[in-house]
Structures are given as C-alpha cells and as structure tokens.
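Written below as structure tokens is the structure these notes are about.
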Amino acid sequence: MANKLTNIKWKHYVNYIAVAIVTVVFGALAFAGALPSSALYLLEKIAISIILAVSLSMVVGFLGELSLGHAGFMCVGAYLGGKASVILEPMLKGVPAGKEIALVISLIVGGVVAALFGIVIGLPALRLKGDYLAIVTLAFGEIVRSVFMNTSSESFGGALGLSTPRYNKSILFIIAFVLVLVCLAVTQNLIRSKHGRAITAIRDNEIAARATGINVTKYKLAVFTISSLFAGVAGVLYSYSNYNVQSSKFSYNYSIEILVMVVLGGMGSINGSIIAATLITYLDNTLQTVLTGDLAVLQDLLYALILIVIVIYNNAPALKNFRDRFNLQSVLKRKFDPNHQHDDEAKWDRVPTKIAMNEILSVDVQPQMSTLDPDKKEGV
Amino acid sequence: MEFIETLLNGLSIGSTYAVIALGYTMVYGIAKMLNFAHGDVIMVGGYMIYLTMAGIGNPILGLAVAVLFCVVLGISIEKVAYKPLRGASPLAVLITAIGVSYLLQSTAQIIFGSAPKMVIVADLGNLTIGSLTVPYYMLITLGCSVVIMLTLSLFVKYTKTGRAMIAVSEDKGAAQLMGINVNAIITITFAIGSGLAAFAGFFMLMKSPSLSNTLGAMPGIKAFTAAVIGGIGSIPGAMVGGILMGIVEALSLTVPAIAPYTDAIEFLVLIVILLVRPSGILGKVRREKV
C-alpha cells in the first residue's frame, strides 16, 4: 500500500489539485461576498479559456493538425445551448432546482451538437491534412458565423444576438471550474492511455503509425469530436456568462487567440495551455481597460509577435543546439546538480568497465546474450 | 443583358481572385507552405497606393510604388519569418504565417487607424453598348489580369528562372543537385507573388474605394480557396479556380434570398471540392511516400 502511494506520479495530478484549490479558495471568497462581480466574470472567462485551450491543444498539440475553426464549434455550442436554456427556462419555472436542470440540459445540448459538427468536419479531416484541413476548419467557422448572423430574430436573434437567461454569478464560475476538471480528466486520461500514444504516433509520422496498425481514421475522428464537444461546452458556458450571444464574437480572430494560448503554453503540454490561457485571459481583461480605441490593436500586435517568436524559437532547425544548451531544465541542472557533467567534459575517475556498463544499461535495452550467440541453435 | 453584366462582373471579380491565387499557388508549389500573410500583402499594397495618391495623385505611379514595396515586403517576410523554419514541421510554418498575417494587420491599424480610408483611384465611368452597361474598371481588371496570367505562363515556361521554378516545385533536392540555387528561387517566387498582390490591391480599390486593414483578409482566403479548387501548385488551375469563384460570387449576389450567405456558399464549394477531389480540378494526384 505504501509502495503504491509512493509510486503515484504526482506530477500527473498537479493540475487537478491546482484547479481544485483555486475553485475552493475563490468559491469560499465568493460565498463570503469578498469578490466583486467583475472578478467572478473574469474567473468564468478564465475557465472558458482553459477549456477551449485544452481542447484545442488536443488537436494541435497531440494530433498535430491545425484547426482554425475552434471558435466556430464554440459558436454552435453557445447558440444551441443558449437556445435550449431559453426554451427550458419557462418550462421549468416551478420545478425545484429548475435552473440547474436547464443548465445541465443546455450544456449537454450544446456539447453534443458541437460534437456532431466535429464529426462532420472530422470526416474531411480523414482525407485532408495540414494546410487543407486548416482552411476547411476556417471555412467552417466562417460558414457557422454567417449562418447564425443571418437567422431571423425569433429563432437565434440574428444580428442583434441571442439573449440568454441569467444565472447566479457566484455559483456559475464554480460550475465552470468543475467543467474544467472534467475536461482535464477526459483529455489527460485519453492522452496518457494507449490511445493517446496512438494519437501522438499519428502526429509524429502518420504513415508509420498506419503501418503499425493504428486506425488513423478512428483516432482523428475521435480527437476532433472530443475537442469540439468541449468547445461546445465552453460555448454554452459563455452564453450563460454573458447573457447574450453575438456571432461577431466567434470570428476567425477568436480562433487565433485560442491558438496563441496553445502555442504560448507549448504545443503538447496541457499544463502549459492552462497557464497560458489564464495569463492571456487575464491580460485581455486588464488591457481592455488600459488600451482603448486604436490602441487596443497593440494587443493583437503582441499576439502576433508571440506566435512568430515562439514558433521560430521552438522549431527553427538552426536554433536546435542553442535550445538544448539553454532550456530551463538543463540550466537548472547545471546550477544545482553537483554531480552534473557537462556534455563536452569527461570524468575519468570512474571509467565504466564492462560490468558497470551492464548495470547502466536498463533491462529492456540489454541484449539477451543467449539468443545472440551464433553457436547456439534455437530451441536447443 | 443583365445576365451578361452579372457574368462580366463575375469575370472581373474572378480575375482579381485569380491574380491573388497565382501568388498562393506559386508559393505553395515551390516552398510547400500556405502563405497566410499573402492576403495582407494586398492590404499593404492598397495603403501604398493610398499614400502615393495622397502625395502625388497619379494612380499608375501609386501602383508602381505599391508593387515595389510589396516585393520588398514579401522578400523580407520570407527571409525573417519563413526561412529559419525551412525543414521544420509544416504546422510550425503555418502558425508563423498566421502570426505574420496578424502582425501586418495590426501594424497597419496602428499606423493608419481603424477608420476606413477612401481611395478614389480614378473615376472612369461606364461603357455603354446598346442596353449593356459595363464599368470601365471591370474591363481594365480583366485586361490586366489576362496580360499578367499570359506573361506569367510564358515566364514559367520559357525562361531559365521559370524552368528552375518548375524543377524546384517537382523535387527540391534534385533541383539543388542540378545546380539550381533553391533559396534564390524561393525568394523570386515570393517577390513575384507579392508583386501580384499589389496589382490585386489596385484592382480591388478600383472596384470599391474603401480601404481598411482587413482589405485583404477575406479575398485572401477566397483566393486560396480558388487556388485549391483549381489544384494548388498549378498556374492554370489558379486561373480556372479564380474565375469560377468570381462567377459563383457574382451569381449568388444577384439572388436576394441567398445574397447574405455568399461567403458561406463559396466556402461550401471549397469543402465540397476538397471532399470530392482533394487535389482540385487541374491538380496532380500525388501519392504520399515515406
């Protein structure tokens, strides 16, 4: 039992614990009435951004395909979930906990419909890749936006937007953070399972993955569906948080903003996405009050520079040596590890002998001498 | 008569798209990357025309300045943003290109403000033949585009540089072994593409004089769609795709019921074409090799 506890990889659970602590602390503060409504709103926005960034990170960071239509999936979720809550609100008026039931049902509706769209978009994703897929998802986002913009005012509000019911602010952000935990649980368990390794194998080399018997079609479709499901859920949360859904919010620029979060956090790192989403949403919120009018565009300029600099720094083949030398881990190791050996220096006080070499080599790397011995025939 | 006017309108929109699509398709064919910032080079060209018009007032000179500036801009974008990533994963290059596009848009907004500028290139009037009324700008756009496409086709087919371009797009490594300077060819491709973008900016300003920092964003995406429809990497394909997109746009704009959905229809065409024939109308089907 004790052995089992020490074997748990704590770093796998750090983000759950961090999110849970944040939820409990701010939840307590909210019930004590210590938080202004603007802070609650910011917390909701952060939770929505985290869900969006983590779900996009699955497609971009782990599957290795670029989706520029994440805001489109969110738009579908926001409109349909919002509409569901508008319809359910009067129906569940007298029912106890009617508002909560309406919220849950609209979350399911928004998420499932967005997931269905994810399947529809995922199907071309099976045939297309890279730039083509990026442009198809972009096209999808624009189609969704223009369709919702031109709807009649009775159905989805048209250009004026869809008004959605109000919900208790001090509870909504807790629900949002619980959904963040759900999203993290689903994503991380998927990524750390054998299916997750299959997904990363597709990212690293699709043909090789196919050759090893991985069903590329199935996995691509699954990742797209799950990712758009959570985008839809984030959309429903958005509709609850803002009371009003406007299609202009879900433009291509918003998809790029989510992409900036994923890239800034480091592709293929869920914790990074969480931190970057929090940071960027907070910055957004603060800069909105500081930068007004034409200055607001400085924020876009910042995003653009973040995208370019980080991607070039992380991917340029010429910078590889530099990266290896000066990344945080190796710098820290050089500073604090007394036994650390520099790459280019050899220590001659311990010359590895043959026996030592066998100890150093891990068990599965060690060649089995008996099978390699040419004199011994197999089965003898 | 009205139908012919619509068709002519479609042809002129389409030839603008075709000119933009040529830039996309050439860069895609040779550098194997989607230059997302191409649409925004059009916008920069538009602002250059605006500045020259405000200073000197000669549209032809404005076009010349715009072409020159865009060529320099295209080359510097390639050198600064794309060249360090040669050999990196396509996803990284694509994200950088999106970053460059965002950078150009926001820089333009910082310099020129978000309010649209009015640029009246030239008041040309209409040509009337019987009951047929055709604005002159359409004819100029059509004529110039045809000249550009012909010149480009001849350039690629008959000059040494053009043939080197074809070689690089077929096989970069083999082309290098044949003594072709691949880096120089890629730079030339970016220069030509960006120069064409300035022409497209000129055509677009002739059509509607409103100039803002998102001038090139939507036409850029549509032109990329056109390039994909025609088969990316193929120069005649870009022309066919561009004209097709233009005619679809002009036709759907005339039907009141579907006019608000014009953009959606064009993107739907893209999705359908990619589903049915991912390599486009004139594109070559390439098997992927390890």
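Structure above, values below:
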| quantity | calculated |
| --- | --- |
| Rough spin-label spacing in nm, given labels placed 7 Å along Cα→Cβ, for B:Thr159 and A:Ala39 | 6.6 nm |
| Largest to smallest principal axis extent of the C-alpha atoms in the protein assembly as shown, angstrom | 95, 81, 51 |
| Interface residues in region A:137-152 - accessible area drops by 30 Å² or more relative to the isolated chain, probe 1.4 Å | A:Leu138, A:Ala139, A:Glu142, A:Ile143, A:Ser146, A:Asn150 |
| Shielded by partner chains, region B:252-266 residues - at least 50 Å² of accessible area, 1.4 Å probe, vs chain alone | B:Tyr261 |
| Structure-based [θ]222 nm, chain B - -39500 (n - 2.57) summed over DSSP H runs of at least 4, per residue, nearest 500 | -24000 deg cm²/dmol |
| Difference of contour (0.36 nm per residue) and Cα-Cα distance, A:Phe31 to A:Glu89 | 18.4 nm |
| Most to least accessible of A:Met58, A:Met91, B:Met53 (protein chains only, probe 1.4 Å) | A:Met91, B:Met53, A:Met58 |
| Per residue value of the accessible surface for the protein assembly as shown (all protein chains in place, 1.4 Å probe), Å² | 47 Å² |
| Protein heavy-atom accessible area occluded, B/A pair - total, 1.4 Å probe, Å² | 4000 Å² |
| Anisotropy class of region A:31-94 from Cα gyration tensor, a/c 1.5 cut | oblate |
| Distance violations [Cα-Cα > 30 Å] among A:Lys93/A:Lys169; A:Lys194/B:Lys172; A:Lys320/B:Lys32; A:Lys169/A:Lys218 | A:Lys194/B:Lys172; A:Lys169/A:Lys218 |
| B:Arg86 - accessible surface, heavy atoms, 1.4 Å probe, Å² rounded to 10 | 70 Å² |
| Listed residues B:Leu142, B:Leu205, A:Leu305 arranged by accessible area, highest first, probe 1.4 Å | A:Leu305, B:Leu142, B:Leu205 |
| Degrees, to the nearest 10: B:90-112 long Cα axis against longest axis of chain B | 40 degrees |
| Alpha-carbon centroid distance for the pair region B:33-64 / region B:105-156, whole angstrom | 11 Å |
| Low-density loop cleavage sites - chymotrypsin sites (Phe, Trp or Tyr not before Pro) in region B:36-132, where at most 14 other Cβ are within 10 Å (DSSP) | none |
| Computed lengthening from A:Leu305 to A:Val182, 0.36 nm per intervening residue step minus Cα-Cα distance | 41.0 nm |
| Accessible surface of region B:65-209, 1.4 Å probe, proportion on carbon and sulfur as whole % | 69 percent |
| Dipole axis of the protein assembly as shown (+1 Lys, Arg; -1 Asp, Glu on Cβ), positive-most option in A:Asn205, A:Asn242, B:Val255 | A:Asn205 |
| On Cα atoms only, tilt of B:262-276 relative to the major axis of chain B in degrees | 30 degrees |
| Rounded percent of accessible protein surface that carbon and sulfur make up, region A:14-290, 1.4 Å probe | 69 percent |
| Förster radius 35 Å - calculated FRET efficiency between A:Leu123 and B:Val147, Cβ distance, rounded to 0.05 | 0.25 |
| Coordinate range along principal axes, alpha carbons of region A:14-290, Å, largest first | 58, 44, 42 |
| Gyration tensor over alpha-carbon atoms, region B:14-214, equivalent ellipsoid semi-axes in Å | 31, 22, 13 |
| Solvent accessible area, Å² - B:Thr128, 1.4 Å probe, full protein context | 90 Å² |
| Listed residues B:Met1, B:Met149 arranged by accessible area, highest first, probe 1.4 Å | B:Met1, B:Met149 |
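The values are calculated or read from the model by the stated rules, or taken from the named source; none is laboratory data. Just so it is clear, the model here is predicted, and its values are computed rather than measured. Cβ sites come from the backbone with ideal geometry, for glycine too, and all protein chains shown count toward neighbours. In case anyone asks, the SASA skips ligands and DNA or RNA and just uses the protein heavy atoms, side chains included. Shrake-Rupley method; radii C 1.70, N 1.55, O 1.52, S 1.80 Å.
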